[in-house]
1. Is it the case that the range 74-90 has a residue that's modelled with pLDDT under 90 and outside any loop (DSSP other than H, G, I, E, B)?
2. Here are some residues: I67, I81. Which one is β-branched (V, I, T), over 16 Å from Q32 (Cβ atoms) and over 13 Å from the mean Cα position of the chain (by Cα)?
3. Among (1) farther than 14 Å from V109 by Cβ; (2) at pLDDT 95 or above; (3) not aromatic (F, W, Y), where does M1 come up short?
4. How about the range 74-92: which of its residues are surrounded by 15 or more Cβ atoms within 10 Å (Cβ to Cβ), without any contact (Cβ under 8 Å) to a residue 40 or more places away in the chain and of a type outside the set (D, E, K, R)?
5. Select from the range 95-114 the residues that are more than 16 Å from the chain's Cα centre (by Cα) and closer than 21 Å to L38 by Cβ and write down the one among them that is surrounded by the most Cβ atoms within 10 Å (Cβ to Cβ).
6. Condition test on E63, is it in contact with a helix residue (DSSP H, G or I) (Cβ under 6 Å, 6 or more places away or on another chain) and either without any contact (Cβ under 8 Å) to a residue 24 or more places away in the chain or closer than 15 Å to Q105 by Cβ (or both)?
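The values are calculated or read from the model by the stated rules, or taken from the named source; none is laboratory data. The structure presented is a predicted model; accordingly, all values stated were derived computationally and were not measured. Backbone-built Cβ (ideal geometry, glycine too); neighbour counts: all protein chains shown.
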Amino acid sequence: MLRKICALVMVLALAFSVTAYAAEATVPMQDQNAGTKLARGGVNLLAGWLEFPKQIYLVSRDENPYIGLTYGFVKGLYEGIARTFMGVFETVTCVIPPYDKVIIQPEFVFEGWK
């Protein structure tokens with residue numbers, strides 16, 4: 001039963017993050033509002049854990065795999081916690097302007113893999 005609930009939560013989190021990211025990617029910065037700030041916060045809250053594999057990959061690619069597994073993991077831990085807390089902050093303060101100020105760069109974890 002617990003596995004089914006965990007699987008359902010993961011599927012819903014993935015669906016929310018993908019749809020919110022797709023909707024966010026089409027909104028120009030000057031047209032952002034509380035909904036886009038809420039979507040950005042929700043995506044970063046749910047997808048903050050993706051900083052682990054992202055940073056391991058990026059550091060491994062730029063340096064070498066051993067540094068990627070050590071320093072990349074630590075950097076991913078730091079970036080993941082920061083992105084998750086910024087997601088919580090933006091979700092809680094979504095009704096408070098400014099809506100177009102991005103706190104953490106890149107705006108989403110899905111960006112910056114190149």
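1. Scanning the range 74-90 turns up no residue that is modelled with pLDDT under 90 and outside any loop (DSSP other than H, G, I, E, B).
2. On the way: I81 fails: over 13 Å from the mean Cα position of the chain (by Cα).
None of the others qualify; the one that does is I67.
3. In the conditions (1) farther than 14 Å from V109 by Cβ; (2) at pLDDT 95 or above; (3) not aromatic (F, W, Y), M1 misses (2) alone.
4. G76, G80, A82, F85
5. Y99
6. On the way: in contact with a helix residue (DSSP H, G or I) (Cβ under 6 Å, 6 or more places away or on another chain): no; either without any contact (Cβ under 8 Å) to a residue 24 or more places away in the chain or closer than 15 Å to Q105 by Cβ (or both): yes.
No.
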